[in-house]
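Participant: For reference, the structure I am asking about is given below.
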Amino acid sequence: MCSLYEKFSKYMHYYKSIAAITLGLMYIVVGIKHFTEPEIFIAITPPFIYFREAAVYFTGLIEIAGGALLLINKYRKKGGALMIILLLLVFPANIYLVFSEEAQIVFQGTRADAIIRLPFQIPLIFIAYWHSKERVSKWVELFCILSFPPTIIYFLSL
């Protein structure tokens, strides 16, 4: 007897492509915001980062590049790998947002909002990993498939 996973595995390529394109577009939009609204990203950049404004522009450029690579099937693996690096690099900003009232005010959120935001970085890293590989374990794929919709819904609600 076939499992539900096996029945739908032939459609996974389409789902994975939809996820890559959706995230690619999302990353491009957020990357552009690094240039159009840099004060938000500067405010959540931890003080131990030197040249905070330059760091914001650099991460915005990387986010745009990674998003664009995710849009093109031929370069999707590179885009996924680039996004893993970026998501790990900006993780301290998400932690700083939890503890900095000033950052929360500029970000127009509360500490509770920042705490809720923090765990959503984990599925984003896993989904980027999923896109960086031709094949992943069934469990990683299932996690990515199941976590993609709520993660996107959450970030679109911001």
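The values are calculated or read from the model by the stated rules, or taken from the named source; none is laboratory data. Computed from a predicted structure; not experimentally measured. Here the Cβ is made from the backbone with ideal geometry for all residues, glycine too, and neighbour counts use every protein chain on show. Just so you know, the surface numbers come from the protein's heavy atoms only, side chains and all, with ligands and any DNA or RNA stripped out. Shrake-Rupley method; radii C 1.70, N 1.55, O 1.52, S 1.80 Å.
Participant: Taking the stretch 26-46 as the region of interest, how many residues are outside any helix (DSSP H, G or I) and touching a helix residue (DSSP H, G or I) at 6+ places or on another chain (Cβ under 8 Å)?
Facilitator: 2
Participant: Between Phe120, Phe143, which is closer than 30 Å to His13 by Cβ, in contact with a Ser or Thr (Cβ under 8 Å, 6 or more places away or on another chain) and surrounded by fewer than 19 Cβ atoms within 10 Å (Cβ to Cβ)?
Facilitator: On inspection, the qualifying residue turns out to be Phe120.
Participant: I've got another one for you. Of (1) touching a His at 6+ places or on another chain (Cβ under 8 Å); (2) open to solvent by 40 Å² or more (accessible area, probe 1.4 Å); (3) under 24 Å from His131 (Cα atoms); (4) of a type outside the set (D, E, K, R), Gly79 satisfies all except one. Which?
Facilitator: Every listed condition holds for Gly79 apart from (2).
Conditions tested, residue by residue: (1) within 17 Å of Gly31 (Cα to Cα); (2) under 13 Å from the mean Cα position of the chain (by Cα).
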| position | (1), (2) |
| --- | --- |
| Ile44 | yes, no |
| Ile49 | no, no |
| Arg52 | yes, no |
| Phe58 | yes, no |
| Gly67 | yes, yes |
| Lys74 | no, no |
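Participant: Could you tell me which numbered condition Glu39 fails, if it satisfies all but one of (1) more than 15 Å from His131 (Cβ to Cβ); (2) open to solvent by less than 50 Å² (accessible area, probe 1.4 Å); (3) in contact (Cβ under 8 Å) with a residue 12 or more places away in the chain?
Facilitator: (2)
Participant: Let me ask another. Being part of a helix (DSSP H, G or I), in contact with a Leu (Cβ under 8 Å, 6 or more places away or on another chain), surrounded by 12 or more Cβ atoms within 10 Å (Cβ to Cβ) and small (Gly, Ala, Ser) narrows it down to one of Gly60, Gly109, Gly66, so name that one.
Facilitator: Result of the check over Gly60, Gly109, Gly66: Gly66.
Participant: Does Phe126 fit the bill of being among the aromatic types (Phe, Trp, Tyr), closer than 15 Å to Ala81 by Cβ, in contact with a helix residue (DSSP H, G or I) (Cβ under 6 Å, 6 or more places away or on another chain) and assigned to a helix (DSSP H, G or I)?
Facilitator: yes
Participant: Of the conditions (1) out of contact with any Asp or Glu (no Cβ under 8 Å at 6 or more places or on another chain); (2) closer than 23 Å to His13 by Cβ; (3) of a type in the set (D, E, K, R); (4) free of Cβ contacts under 8 Å to residues at least 60 places away in the same chain, Glu102 clears all except one; give me its number.
Facilitator: (2)
Participant: Out of the residues in the stretch 1-35 that are surrounded by 10 or more Cβ atoms within 10 Å (Cβ to Cβ) and of a type in the set (S, T, N, Q), state the one that is modelled with the lowest pLDDT.
Facilitator: So, considering only residues that are surrounded by 10 or more Cβ atoms within 10 Å (Cβ to Cβ) and of a type in the set (S, T, N, Q), the one modelled with the lowest pLDDT is Ser9.
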